[in-house]
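Visitor: Got a structure for you, questions after.
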Amino acid sequence: MTTLGTAHDPETAARLAHLTGEADPGLNVSDVTVRPTPRRAWTPTIAATLVLTVIALAGWEAKMRSLGLAAGDLDDSNDHWAMARRSLAVGSTNKIAIVGDSRIWFDTDLAVWEEMTGMKPVQLALEGTNGRYLLTDLARDESFRGLVVVGLADALFFGMPPGLRGVAVERAKTQSYSQRFGVVLHRQLSRWFAFLEQMYTPQRLFRWMDLPSRPGVVPPARLPWKLAETFDDRQTFMWPRVERDLALRDGTRMTWMGMFRFVLPPVTDDVLQTVVDDAVRDVRAIRARGGEIVFIRPPSSGALLEAERVRLPRAKGWDRLIRETGTVGIHWEDHANMQGLDVPEWSHLTRESATRFTRAYVDALVGQVPWLQSRAGQWRRSAPVP
């Protein structure tokens, strides 16, 4: 490092002094620092940097795949949801929207819907989110005249909205073009790289380090670890590792039970009345435009199911909801072909069971819902004979 007053090249010093003096005549040029670029072999340096970067990324990719992550798992975010929500506004007269929490999200096979009815629903369910909030969003959308399939876990639906990801509704209205481009870019890269999984970023792994607590210190509550894989059209199934990893499965069960003990308030009569009144209002709004609404109660099991029954007995919650809204309700306990499904962590079905459950509940809906029955019948009559 040199100064203009002591530069070894008098010509360079004079030229820089002249330029600096023109910019600021009062500047003492002897105090201006000159940082000459060192002469290095930049091509090998850049090449070595690229090689090391590729090696590091390849190592991280290999590590993530060894944990059970896979390329093609596209993740989900509020921006993904916002793009799905806007797609519903295009020709929404005969469209099907699925709203609710993570149960109906994980437990629905969109390909089965399309196979059985000729229509592929738009998946709008969100984990940890009250389906009533999403239902109200559709009820207020005058352009929507389709079928709403409302999946519900009692603990969320019979509580106060919005829940964990209710902000996604607003994102659909405010999403910028750069955010939309980010979704498209992330989807394309995720088809090739497993390490882009948002639940296994280095920052999240550091935050989730299982460090021992001091005696008497209660560790903070944690949301479950990665539970699902998400594909095109927000098609989501349980992550296969949850089925075989006992620690992951049991840790998730503890999370659900902790919510019941410490997070979820009791369902008061006032809250229950609000839930039913809101549902009745939204059903009327959508039916007035020629649409329809149905309710689905996916399976749960184990101690979680017992806790759900204690918190809100079926007769007080589900049965009243279906009776006062005058809608079709499919409850898994009422159907023989919905029994014996695999619910490893007590709240969501495995991929195989989700396909079975979807086939069973869609078959029940086609048999009971005129809106769906007529449209599925038209599609079947017009479909080419194989």
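Visitor: Can you tell me how many residues within the stretch 36-68 are outside any helix (DSSP H, G or I) and surrounded by 10 or more Cβ atoms within 10 Å (Cβ to Cβ)?
Guide: 3
Visitor: In addition: Go through the residues of the stretch 331-338 one by one and say whether even a single one is in a helix (DSSP H, G or I), free of Cβ contacts under 8 Å to residues at least 40 places away in the same chain, farther than 30 Å from ASP269 by Cα and among the small types (Gly, Ala, Ser). Steps first, please.
Guide: First pass over the stretch 331-338, keeping only residues in a helix (DSSP H, G or I): 332-334, 336-338.
Add one more test, that the residue is free of Cβ contacts under 8 Å to residues at least 40 places away in the same chain, and what stays is 332-334, 336-338.
Filter once more, keeping what is farther than 30 Å from ASP269 by Cα: 336-338.
Then keep just the ones that are among the small types (Gly, Ala, Ser); that gives 336.
Yes, the stretch 331-338 contains a residue that is in a helix (DSSP H, G or I), free of Cβ contacts under 8 Å to residues at least 40 places away in the same chain, farther than 30 Å from ASP269 by Cα and among the small types (Gly, Ala, Ser).
Visitor: Any chance the stretch 69-81 includes a residue that's part of a helix (DSSP H, G or I), modelled with pLDDT of 95 or more and touching a Leu at 6+ places or on another chain (Cβ under 7 Å)? Let's see the steps before the verdict.
Guide: Step one: list which residues in the stretch 69-81 are part of a helix (DSSP H, G or I), which gives 78-81.
If we keep only those that are modelled with pLDDT of 95 or more too, we end up with 78-81.
Pick out the ones that are also touching a Leu at 6+ places or on another chain (Cβ under 7 Å) and you get 81.
Looking through the stretch 69-81, at least one residue is part of a helix (DSSP H, G or I), modelled with pLDDT of 95 or more and touching a Leu at 6+ places or on another chain (Cβ under 7 Å).
Visitor: Also: Just to verify a result, which residue in the stretch 47-83, among those that are out of contact with any strand residue (DSSP E or B) (no Cβ under 7 Å at 6 or more places or on another chain) and acidic (Asp, Glu), is nearest to ARG241 (Cα to Cα)? Give the steps one after another, and end with the answer.
Guide: Kept after step one, since they are out of contact with any strand residue (DSSP E or B) (no Cβ under 7 Å at 6 or more places or on another chain), are these residues of the stretch 47-83: 47-72, 77-83.
Going one step further and asking which of them are acidic (Asp, Glu), we end up with 61, 79.
Working: GLU61: 17, ASP79: 26 Å.
If we take residues in the stretch 47-83 being out of contact with any strand residue (DSSP E or B) (no Cβ under 7 Å at 6 or more places or on another chain) and acidic (Asp, Glu), then GLU61 is nearest to ARG241 (Cα to Cα).
Visitor: What's the number of the only condition in (1) of a type outside the set (Asp, Glu); (2) closer than 20 Å to GLY100 by Cα; (3) at pLDDT 95 or above that HIS335 fails to meet?
Guide: Of the numbered conditions (1) of a type outside the set (Asp, Glu); (2) closer than 20 Å to GLY100 by Cα; (3) at pLDDT 95 or above, the odd one out for HIS335 is (2).
Visitor: On to the next question. Name the residue that is farthest from ARG86 (Cα to Cα), counting only residues in the stretch 179-213 that are among the hydrophobic types (A, V, I, L, M, F, W, C) and part of a helix (DSSP H, G or I). Reasoning before the result, please.
Guide: Kept after step one, since they are among the hydrophobic types (A, V, I, L, M, F, W, C), are these residues of the stretch 179-213: 181, 183-185, 189, 192-196, 199, 205-206, 208-209, 211.
From the residues that got through so far, the ones that are part of a helix (DSSP H, G or I) too are 181, 183-185, 189, 199, 205-206.
Working: PHE181: 15, VAL183: 14, VAL184: 15, LEU185: 18, LEU189: 23, MET199: 26, LEU205: 33, PHE206: 36 Å.
Filtering the stretch 179-213 for residues that are among the hydrophobic types (A, V, I, L, M, F, W, C) and part of a helix (DSSP H, G or I), the one farthest from ARG86 (Cα to Cα) comes out as PHE206.
Visitor: Is there a residue being in contact with a Leu (Cβ under 9 Å, 6 or more places away or on another chain), of a type in the set (D, E, K, R) and either in a loop (DSSP other than H, G, I, E, B) or touching a residue at least 60 places away in the same chain (Cβ under 8 Å) (or both) anywhere in the stretch 156-176?
Guide: Among the residues of the stretch 156-176, at least one is in contact with a Leu (Cβ under 9 Å, 6 or more places away or on another chain), of a type in the set (D, E, K, R) and either in a loop (DSSP other than H, G, I, E, B) or touching a residue at least 60 places away in the same chain (Cβ under 8 Å) (or both), which makes the answer yes.
Visitor: Among all residue pairs at least 6 apart or on different chains, which show Cβ distances below 7 Å where the first residue, located in the stretch 272-293, is on the phi > 0 side of the Ramachandran plot and the second is of a type outside the set (Gly, Ala, Ser)?
Guide: The qualifying pairs are GLY290/ARG145.
Visitor: Being over 28 Å from ALA168 (Cβ atoms), at pLDDT 95 or above and among the aliphatic types (A, V, I, L, M) is true for just one of VAL51, VAL99, VAL112. Which residue is that?
Guide: Values: VAL99 fails: over 28 Å from ALA168 (Cβ atoms); VAL112 fails: over 28 Å from ALA168 (Cβ atoms).
Result of the check over VAL51, VAL99, VAL112: VAL51.
Visitor: Name the residue that is nearest to SER66 (Cα to Cα), counting only residues in the stretch 148-196 that are of a type in the set (S, T, N, Q) and surrounded by 14 or more Cβ atoms within 10 Å (Cβ to Cβ). Show your work before the answer.
Guide: The first filter runs over the stretch 148-196 and keeps only residues of a type in the set (S, T, N, Q), leaving 174-176, 178-179, 188, 190.
Now narrow it down to the ones that are surrounded by 14 or more Cβ atoms within 10 Å (Cβ to Cβ): 175, 179, 190.
Numbers: GLN175: 35, GLN179: 31, SER190: 17 Å.
Looking at the filtered set, the residue picked out is SER190.
Visitor: Exactly one condition in (1) of a type in the set (Asp, Glu); (2) assigned to a helix (DSSP H, G or I); (3) buried (at least 18 other Cβ atoms within 10 Å of the Cβ) is false for GLU229; which is it?
Guide: It is condition (2) that GLU229 fails.
Visitor: When the residues of the stretch 308-324 are filtered to those that are surrounded by 20 or more Cβ atoms within 10 Å (Cβ to Cβ) and either in contact with a strand residue (DSSP E or B) (Cβ under 8 Å, 6 or more places away or on another chain) or of a type in the set (D, E, K, R) (or both), which remaining residue is farthest from GLU292 (Cα to Cα)?
Guide: GLU308
Visitor: Here is a further query. Looking at the stretch 235-253 only, could you name the residues that are part of a helix (DSSP H, G or I) and not small (Gly, Ala, Ser)? Step through it out loud before you land on a result.
Guide: Residues of the stretch 235-253 part of a helix (DSSP H, G or I): 240-244, 246-253.
PRO240, ARG241, VAL242, GLU243, ARG244, LEU246, LEU248, ARG249, ASP250, THR252, ARG253 - these are the residues of the stretch 235-253 that are part of a helix (DSSP H, G or I) and not small (Gly, Ala, Ser).
Visitor: Is it true that some residue in the stretch 41-58 is within 35 Å of the chain's Cα centre (by Cα), of a type outside the set (Ser, Thr, Tyr) and closer than 30 Å to ASP233 by Cα?
Guide: Yes, that holds for at least one residue.
The values are calculated or read from the model by the stated rules, or taken from the named source; none is laboratory data. This structure is a prediction, so every number in the text was calculated from the model and none was measured. Glycine also receives a Cβ, built like all others from the backbone with ideal geometry; neighbour counts cover every protein chain displayed.
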